[in-house]
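Structure first, commentary second.
The values are calculated or read from the model by the stated rules, or taken from the named source; none is laboratory data. Everything numeric here is computed off the predicted structure, so don't read it as measured data. Neighbour counts run over all protein chains shown; Cβ positions are idealised from the backbone, glycine included.
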């Protein structure tokens, strides 16, 4: 995958993309006639490219969005770009800790991600930190299909590569102001300068807030209220043509309250206990690149820190069942060294070594409250012991869980490409090792009293039983994997760029531990000790195995009609073993468990088209189809073979148009009008396919007025106020849905100085 600041023909581009913003746009060479002013600056920031062939010869499906497109679409996260990329689905639900991504039937809701993310060359190690707003995005590249050979663990579904502006390529001051319904506010300021010809510095501040779009019927409070911000500093130094250093440092914070989880039985969002999410995170990445006549050496070193706090009304009902508090602190360091040959017409190669270390500390107590004690414990006891009823001695008690989880990994990888006439042959392999340790301490200290029923109907204390559970343990797992890839690209004998490709690659997602299940393990142990339940088999519910896949893909990329028509297609088949699935255990519990399905398969296709029929007008369309099913999956109670894999959409659809025209006015120079529609579905929510979200469509529109140093966008999203759901889950045998956001509208002003 190669980082770039131009649009390439194989992506389904934004409907808000004016003609002049595409590198393939034939009108772009005509200056400012068809849209916003363009200044083409040489990109001299470090891109740390992990590819042995140029982009037109790469055997991958990749969608690229330039800075102008990102701004036109008002994108500040990867989630915002998902609508235009075939077979990519990033649902908007829960809080910013729930960064779930699905690609081609592959995805994960908790723990290890299926899609990797880099920000300014820094690999984000924890998916809980994927979702935060970024000011001044220069480019986004989204690659679909396994990238495990070059990028390693947790990239079996693809890679999201985000690049921010470099002070060596851009200078000036940028201001952002936005307001929309639900009192949504965004404000940002950034400045980029080059004090010397060899040194550049860029700094930015960003703030956003929203009241949310839903209301908790229990107390009238807003659901989804949010405040967040980010501060970043980028330093770049290029003492000579052969050496460049760049350091990116950022601090981000988010504060959210409430979740729009609707109880299916009542159709209401109504819960009584506090819900919020708070996160502080630090990223620092140092990238150095040295160019030699025959090769280049790139080093990427990063430090990452997350401090977050999630508190939930875990039953999401207007009664006092359970609450969960999850406090985490994680430190991580990564190191990647890439040695790459200089561009050669025939033979190119790269080799690399990488490693990481992570240390996670987590405190996750679950508080059992009075209604939960009554319904789940007291009621069960008294139903079988009517002459000796019991009552808990306290209104609530705590199931405590504390963890320390250090892990590390080491990898060595390489890739070689060889061009023979019109063919390019590519082969690569990665050797990957990972070790993860779980040190846990779980406890519960409480008591209950058993009463004896008297002949006159009264009750007399019979016995007081203390509950003292203190479990400690040490678990360790290690994983070794060999990850090969082979590809062949055929460049068609046409005047314009066109090729066909075939690739076979192995994907890999690391295994781990189900820390979220410890409170339920304690709950079941407590009830088992009382004689009213069965214990979990800890070995079965705590650990899960790596997920592995083989991806077979054919595709092509074409440019026709002097660049006015560009298209790409891909068809794929994925054979997945031990696919990691998030399921809800049986019984009156609240936890989620990661388990391994025996075997799944996913097949589908993608098509993207961009067409410029006349100057100033661009038409875009993209379609992705995925058919992901269980081949073998029997959980001991039910056989799900032949059922659709939950949470993976079968169709992703995008279509849009944008027209830009010149206005002969010194203050107002251009007007652009655009509209787009995107659809998602059908999505099955559970393994038996009894709950589903049918295919739905959302309509967006935008009008932009722009001058030499400003642009003003008037926009709407989900203009038809379509009702849809983005998430489903089960808690204590109750079913819930997350509502999708309603109609949104607002205005965005950008000023450059």
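When 461, 484, 466 are checked against the criterion of being in contact with a strand residue (DSSP E or B) (Cβ under 8 Å, 6 or more places away or on another chain), within 26 Å of residue 147 (Cβ to Cβ) and part of a strand (DSSP E or B), 484 stands alone in meeting it. Counted as qualifying within region 100-144 are no strands (runs of 3 or more DSSP E), as none has 1 or more residues that are without any contact (Cβ under 8 Å) to a residue 12 or more places away in the chain and surrounded by 23 or more Cβ atoms within 10 Å (Cβ to Cβ).
For the structure I just gave you, tell me whether residue 64 is modelled with pLDDT of 80 or more, assigned to a loop (DSSP other than H, G, I, E, B) and buried (at least 23 other Cβ atoms within 10 Å of the Cβ). No: the conditions fail for residue 64.
Table: residues versus (1) in a strand (DSSP E or B); (2) at pLDDT 95 or above; (3) within 30 Å of residue 354 (Cα to Cα); (4) touching a strand residue (DSSP E or B) at 6+ places or on another chain (Cβ under 7 Å).
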site	(1), (2), (3), (4)
163	yes, no, yes, yes
175	yes, yes, no, yes
187	yes, yes, no, yes
200	yes, yes, yes, yes
203	yes, yes, yes, yes
207	yes, yes, no, yes
229	yes, yes, no, yes
233	yes, yes, yes, yes
236	yes, yes, yes, yes
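Looking at 398, 429, 416, just one residue is within 30 Å of residue 515 (Cβ to Cβ), part of a strand (DSSP E or B) and touching a strand residue (DSSP E or B) at 6+ places or on another chain (Cβ under 9 Å), and that residue is 398. Inside region 634-647, residues that are assigned to a loop (DSSP other than H, G, I, E, B) and over 26 Å from the mean Cα position of the chain (by Cα) make up a count of 7. Would you confirm whether or not region 706-724 contains a residue that is surrounded by fewer than 16 Cβ atoms within 10 Å (Cβ to Cβ) and under 29 Å from residue 636 (Cα atoms)? No - not one qualifying residue is present in region 706-724.
Selection of region 543-568 for residues being under 24 Å from the mean Cα position of the chain (by Cα) and either crowded, with 19+ Cβ neighbours inside 10 Å or farther than 20 Å from residue 58 by Cβ (or both) yields 543, 544, 545, 546, 547, 548, 549, 551, 553. Being in a strand (DSSP E or B) and crowded, with 24+ Cβ neighbours inside 10 Å is a condition met by no residue of region 146-157. Within region 723-750, being at pLDDT 95 or above and over 24 Å from the mean Cα position of the chain (by Cα) holds for 745, 746, 747, 748, 749, 750. Return a yes/no flag: does region 424-432 have any residue that is surrounded by 18 or more Cβ atoms within 10 Å (Cβ to Cβ) and out of contact with any helix residue (DSSP H, G or I) (no Cβ under 7 Å at 6 or more places or on another chain). Yes - at least one qualifying residue is present in region 424-432.
For every residue, the table says whether it meets (1) touching a strand residue (DSSP E or B) at 6+ places or on another chain (Cβ under 8 Å); (2) surrounded by 24 or more Cβ atoms within 10 Å (Cβ to Cβ); (3) in a helix (DSSP H, G or I); (4) modelled with pLDDT of 85 or more.
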{"site": "28", "(1), (2), (3), (4)": "no, no, yes, no"}
{"site": "32", "(1), (2), (3), (4)": "yes, no, no, no"}
{"site": "35", "(1), (2), (3), (4)": "yes, yes, no, no"}
{"site": "41", "(1), (2), (3), (4)": "no, no, no, no"}
{"site": "47", "(1), (2), (3), (4)": "yes, no, no, no"}
{"site": "52", "(1), (2), (3), (4)": "yes, yes, no, no"}
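In region 454-463, the qualifying residues are those that are at pLDDT 90 or above and surrounded by 11 or more Cβ atoms within 10 Å (Cβ to Cβ), and the one that is nearest to the chain's Cα centre (by Cα) is 463.
Can we say residue 157 is in contact (Cβ under 8 Å) with a residue 60 or more places away in the chain and under 25 Å from residue 277 (Cβ atoms)? Against the criterion (in contact (Cβ under 8 Å) with a residue 60 or more places away in the chain and under 25 Å from residue 277 (Cβ atoms)), residue 157 qualifies.
Number of residues in region 106-125 that are more than 15 Å from residue 159 (Cβ to Cβ) and modelled with pLDDT of 90 or more: the value is 0.
Examine region 263-278 for a residue that is in contact with a helix residue (DSSP H, G or I) (Cβ under 9 Å, 6 or more places away or on another chain) and in contact (Cβ under 8 Å) with a residue 24 or more places away in the chain, and state whether such a residue exists. No; the residues of region 263-278 include none that is in contact with a helix residue (DSSP H, G or I) (Cβ under 9 Å, 6 or more places away or on another chain) and in contact (Cβ under 8 Å) with a residue 24 or more places away in the chain. Per the listing 316, 322, the residue uniquely touching a helix residue (DSSP H, G or I) at 6+ places or on another chain (Cβ under 6 Å), closer than 30 Å to residue 514 by Cβ and buried (at least 17 other Cβ atoms within 10 Å of the Cβ) is 322. Which number in (1) modelled with pLDDT under 95; (2) touching a helix residue (DSSP H, G or I) at 6+ places or on another chain (Cβ under 8 Å) marks the one condition that residue 441 misses? So residue 441 meets the others, but not (2). Of the residues in region 279-302, at least one is closer than 17 Å to residue 225 by Cα, crowded, with 19+ Cβ neighbours inside 10 Å and in contact (Cβ under 8 Å) with a residue 12 or more places away in the chain. Counting only strands (runs of 3 or more DSSP E) that sit completely within region 263-373, those holding 2 or more residues that are under 27 Å from the mean Cα position of the chain (by Cα) correspond to 276-291, 295-312, 322-341, 347-363.
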